[in-house]
Amino acid sequence: MPLQRNPDSASVKRRALELGADLAGVASAATLNAFPPDPRWPQTPERISPYVKSVIVLVQRIPAGAFRTKSNVPVQYMDMLVLRKMDKVAYRLASELERLGHPAFVTAAQETDWSYKRASYGRLSTRHLGVEAGLGTLGLEVNILTPEFGPRIYLTGILTELELEPDQRITEQVCIGESCSRCLHSCPPNAVQHWGIDKRGCATEAQEFGFMTMLQFMERVIDAPSSEKSRLLKTVDLFGFWQGLLRVVGSFGDCPRCLAVCPVGNDYHAHLAELQKDIPEKTPEKVAIQKQFKEARKQGGAPGLSQWNVRWVGEEGYKGMVAKQLQEFKKRQNENP
């Protein structure tokens, strides 16, 4: 049912779900302005519009079947479909708000700003939007993890001048943390840090045909002798960039390993647990890093955490949220065979 005049937070979130979002929450623009993810490069609503009062955050899950395949291509294609659907849902909700007299617009979920840290940051950080809207917390590799779908999601935000009651943050750590470390064990370039990520290392797999790779390829073509140019233009590299322009395959989100093995979420227990139980990329060296992480956390010295960013990881630490959820899920499965 379309929104009625003067909608409240509950009716806006309900409408988002009716339109096709899998989860929805609300964050206060004032809170987002006060707590930018990185104060040196503030991704805040006020830098986009001084009139925004609330951000409606939508989540679209990636179907788990895409993580059961032999190659990354199916999940890359599903990423594109999920993003398209999410944008349509967000656009329809923003349009309804405007028709009721509340200016609203949608942020681009997968764009970065050239002026923000060498174009590595977007105008807003959607994962931090999700945390502030009470939808999840950041994991060991700083993806956002939701209790329902783990990290197998995309998010976007609708910025509106309508003041809505914000949702409360989850203060318990959704991520199991150092005792799990499955994202660390599965990461091909070993880019998972202690509540952080080596972006350059991650990009070698996650953005196989991304912007920087494209520039490097173009430089090789320009510098190559005339006899070599034709050969370079008929390689898998150029084909990869063409595929990326067509349907984002390879241009981002190219490596779904940390998403596939994360044990958070009912979708994992229903469709992925048995398949992803063993991690071929796990090595003694990565296990040693995990032990270092665990010991550092015991001593209160997790390098990636500070009084500032522990806000998005969960100040209370892990208290068994995932274990309790799994027990409840299995109970429901047994009741409904």
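The values are calculated or read from the model by the stated rules, or taken from the named source; none is laboratory data. Everything numeric in this text was worked out from a predicted model, so none of it was measured. Reconstructed Cβ throughout: ideal geometry from the backbone, glycine too, with neighbour counts over all protein chains shown. Note: areas computed on protein heavy atoms with side chains; ligands, DNA, RNA excluded. Shrake-Rupley method; radii C 1.70, N 1.55, O 1.52, S 1.80 Å.
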In segment 29-52, residue farthest from Ser125 (Cα to Cα) [restricted to those that are in contact (Cβ under 8 Å) with a residue 24 or more places away in the chain and aliphatic (A, V, I, L, M)]: Val52
Among the residues of segment 309-332, write down those that are farther than 17 Å from Leu140 by Cβ and either touching a residue at least 40 places away in the same chain (Cβ under 8 Å) or of a type in the set (S, T, N, Q) (or both). Gln325, Leu326, Gln327, Phe329, Lys330
Looking at segment 298-314, can you tell me whether even one residue there is crowded, with 17+ Cβ neighbours inside 10 Å and farther than 29 Å from Thr112 by Cβ? no
Just wondering, is there one or more residues in segment 235-243 that are open to solvent by less than 30 Å² (accessible area, probe 1.4 Å), at pLDDT 85 or above and farther than 30 Å from Gly300 by Cβ? no
For Ala323, work out the one condition from (1) over 15 Å from Ala191 (Cα atoms); (2) of a type outside the set (S, T, N, Q); (3) touching a Lys or Arg at 6+ places or on another chain (Cβ under 9 Å) it doesn't fulfil. (3)
Determine which single condition Glu141 fails, assuming it passes every other condition in (1) surrounded by 21 or more Cβ atoms within 10 Å (Cβ to Cβ); (2) closer than 18 Å to Val26 by Cβ; (3) among the charged types (D, E, K, R). (2)
Could you look through segment 3-57, keep only residues that are under 18 Å from Ala108 (Cα atoms) and of a type in the set (Val, Ile, Thr), and pick out the one that is surrounded by the fewest Cβ atoms within 10 Å (Cβ to Cβ)? Ile48
Turns out the helices (runs of 4 or more DSSP H) fully within segment 253-333 with at least 3 residues that are within 24 Å of Glu172 (Cβ to Cβ) and of a type in the set (Lys, Arg) are 284-298
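The rows are residues; the columns are (1) open to solvent by 10 Å² or more (accessible area, probe 1.4 Å); (2) on the phi > 0 side of the Ramachandran plot; (3) part of a strand (DSSP E or B).
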residue	(1), (2), (3)
Trp114	yes, no, no
Arg123	yes, no, no
Gly130	no, no, no
Gly134	yes, yes, no
Gly157	no, no, yes
Leu162	yes, no, no
Asp167	yes, no, no
Do we find a residue being closer than 23 Å to Pro37 by Cα and open to solvent by 40 Å² or more (accessible area, probe 1.4 Å) anywhere in segment 247-255? no
For segment 78-112: of the residues being within 15 Å of the chain's Cα centre (by Cα) and hydroxyl-bearing (Ser, Thr, Tyr), which is surrounded by the fewest Cβ atoms within 10 Å (Cβ to Cβ)? Thr112
